[in-house]
Amino acid sequence: MSNQKLSVSDLISIQNLTTSDISLIFSSAKMLKEKPLNFSGVLNNKTLALIFEKPSLRTRVTFDVGMTSMGGSSVFLDHSSTKLGERESIKDVARNLERWVDGIVARTYKNKSVIDLAAHAKIPVINGLTDLLHPCQALADFFTIYERFGSTNNLKFCFVGDGNNTCHSLMLAAGLLGVSFFVTTPPGFEPNPDIVETASKSAALTGGSIRVITNPNEAVQQANIVYTDVWASMGQEAEIEQRASVFVDYQVNDSLINQADKDALFMHCLPAHRGYEVATSVIDSTRSIVYDQAENRLHIQKALLYLLMSDPS
Ligand code: CP
Ligand code: NVA
């Protein structure tokens, strides 16, 4: 059903996309959001495998509901006790699944697991979060920003907290979209330098910029968007207490967000820990658009499934 194509056949990282790819994903998501019934049969008889090594609410439900609403179905593979590649090789998992299903979403610890799946499977593979990246989240978040601001140009975006998977994918998207992107983390928790370099190279071409600084008060000045994520990601549970003391000055509370633009919006990928990375008064305020972000996971991922999995019309 889809005539327009992405430049990629898998979604592993935002860094593999072009700015035109992102525009196509956003325009498709807008149509899917406005007129979902026009797309009710575009994935008839298609099946998506969901491989999850880590827990999920949003990613699991939105991919499942997204498939059903376009006429397809999904099958959930719980890998929380057996990591991908342990019972059998990732290559064999890929070579089996491609005989039965039409696409794979994988949430794994190692980013390489998703890369290996895509290398061995002829069907599309979508990264549903790894220790390094969270591309579906970043696309949904910038789509949400695009809805609010009409454009992503001339925006100052400030990510506060841990230089983690969500931060990496947001930064890569910001580079392609011409955003002025600030990251503020405690020393030692900065984003991956290779990703900073890749995003900075994109930003140099799009009029954006990437800055990594330690002082959160300096970073949020005039920001249009203040974003945070958990201080300890999935897999880092043993570090929760130690991280809570290191990150204490990086809580997004009223005192911090009031230094941003007066109309600044608050964003969080969720799940959130009120009283840790974000104060209740901020996440539950009128500035907060966290549930719009969560809703848009559905529309953006439907767009990805449609663009990657539907038959050419
Ligand atoms: N934001 C996000 O990916 O949520 P889940 O971990 O619940 O899927
Ligand atoms: N950084 C978080 C994101 C959860 C959606 C984690 O990896 O746990």
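The values are calculated or read from the model by the stated rules, or taken from the named source; none is laboratory data. Please read these numbers as outputs of a predicted model, since none were measured by experiment. Backbone-built Cβ (ideal geometry, glycine too); neighbour counts: all protein chains shown. For the accessible areas, the whole protein counts, side chains as well, though only heavy atoms, and no ligand, DNA or RNA atoms are used. Shrake-Rupley method; radii C 1.70, N 1.55, O 1.52, S 1.80 Å.
Observations on the structure shown:
- Set Thr47, Thr59, Thr68: member being in contact with a strand residue (DSSP E or B) (Cβ under 9 Å, 6 or more places away or on another chain), within 16 Å of ligand 2 (Cβ to nearest atom) and β-branched (Val, Ile, Thr): Thr59
- Some residue of region 144-154 being closer than 24 Å to Leu11 by Cα and hydrophobic (A, V, I, L, M, F, W, C): yes
- For region 81-107, the set of residues classified as closer than 26 Å to Asn165 by Cα and in contact with a strand residue (DSSP E or B) (Cβ under 7 Å, 6 or more places away or on another chain) consists of Leu84, Gly103, Ile104, Val105, Ala106, Arg107, listed by residue number.
- Residue match in region 179-187 (condition: assigned to a loop (DSSP other than H, G, I, E, B), touching a residue at least 40 places away in the same chain (Cβ under 8 Å) and farther than 30 Å from Glu53 by Cα): no
- Leu37 without any contact (Cβ under 8 Å) to a residue 12 or more places away in the chain and either open to solvent by 50 Å² or more (accessible area, probe 1.4 Å) or out of contact with any Cys (no Cβ under 8 Å at 6 or more places or on another chain) (or both): yes
- Answer residue from region 252-276, given it is assigned to a loop (DSSP other than H, G, I, E, B), open to solvent by less than 90 Å² (accessible area, probe 1.4 Å) and within 16 Å of ligand 2 (Cβ to nearest atom) and is farthest from Thr59 (Cα to Cα) among those: His273
- Only residues that are open to solvent by 40 Å² or more (accessible area, probe 1.4 Å) and touching a residue at least 24 places away in the same chain (Cβ under 8 Å) were counted across region 83-101, and they come to 4.
- Looking across region 1-42, the residues that are assigned to a loop (DSSP other than H, G, I, E, B) and of a type outside the set (Ser, Thr, Tyr) come down to Met1, Asn3, Gln4, Lys5, Leu6, Val8, Asp10, Ile12, Leu17, Lys35, Gly41, Val42.
- Being aliphatic (A, V, I, L, M), more than 14 Å from His299 (Cβ to Cβ) and in a loop (DSSP other than H, G, I, E, B) is a condition met by at least one residue of region 43-57.
- Residue count, region 277-308 (criterion: farther than 29 Å from Ser69 by Cβ and surrounded by fewer than 16 Cβ atoms within 10 Å (Cβ to Cβ)): 5
- Residue under evaluation Ser74, criteria (1) open to solvent by 70 Å² or more (accessible area, probe 1.4 Å); (2) in a strand (DSSP E or B); (3) hydroxyl-bearing (Ser, Thr, Tyr), criterion not met: (1)
- Scanning region 159-173 turns up no residue that is more than 16 Å from ligand 2 (Cβ to nearest atom) and either part of a strand (DSSP E or B) or open to solvent by less than 10 Å² (accessible area, probe 1.4 Å) (or both).
- Extreme residue, farthest from Val160 (Cα to Cα), among residues of region 219-235 that are surrounded by fewer than 23 Cβ atoms within 10 Å (Cβ to Cβ) and within 16 Å of ligand 1 (Cβ to nearest atom): Gly235
- Inclusion of Ile104 among residues that are closer than 16 Å to Leu77 by Cβ and in contact (Cβ under 8 Å) with a residue 60 or more places away in the chain is not warranted.
- Hits in region 116-141 (condition: closer than 21 Å to Glu86 by Cα and in a helix (DSSP H, G or I)): Asp116, Leu117, Ala118, Ala119, His120
- Against the test of being under 21 Å from Pro55 (Cα atoms) and within 15 Å of ligand 2 (Cβ to nearest atom), the options Glu237, Glu241 yield a single qualifying residue, Glu237.
- Test: Glu197 is under 22 Å from the mean Cα position of the chain (by Cα), of a type outside the set (Val, Ile, Thr), over 24 Å from Ala260 (Cα atoms) and part of a helix (DSSP H, G or I): yes
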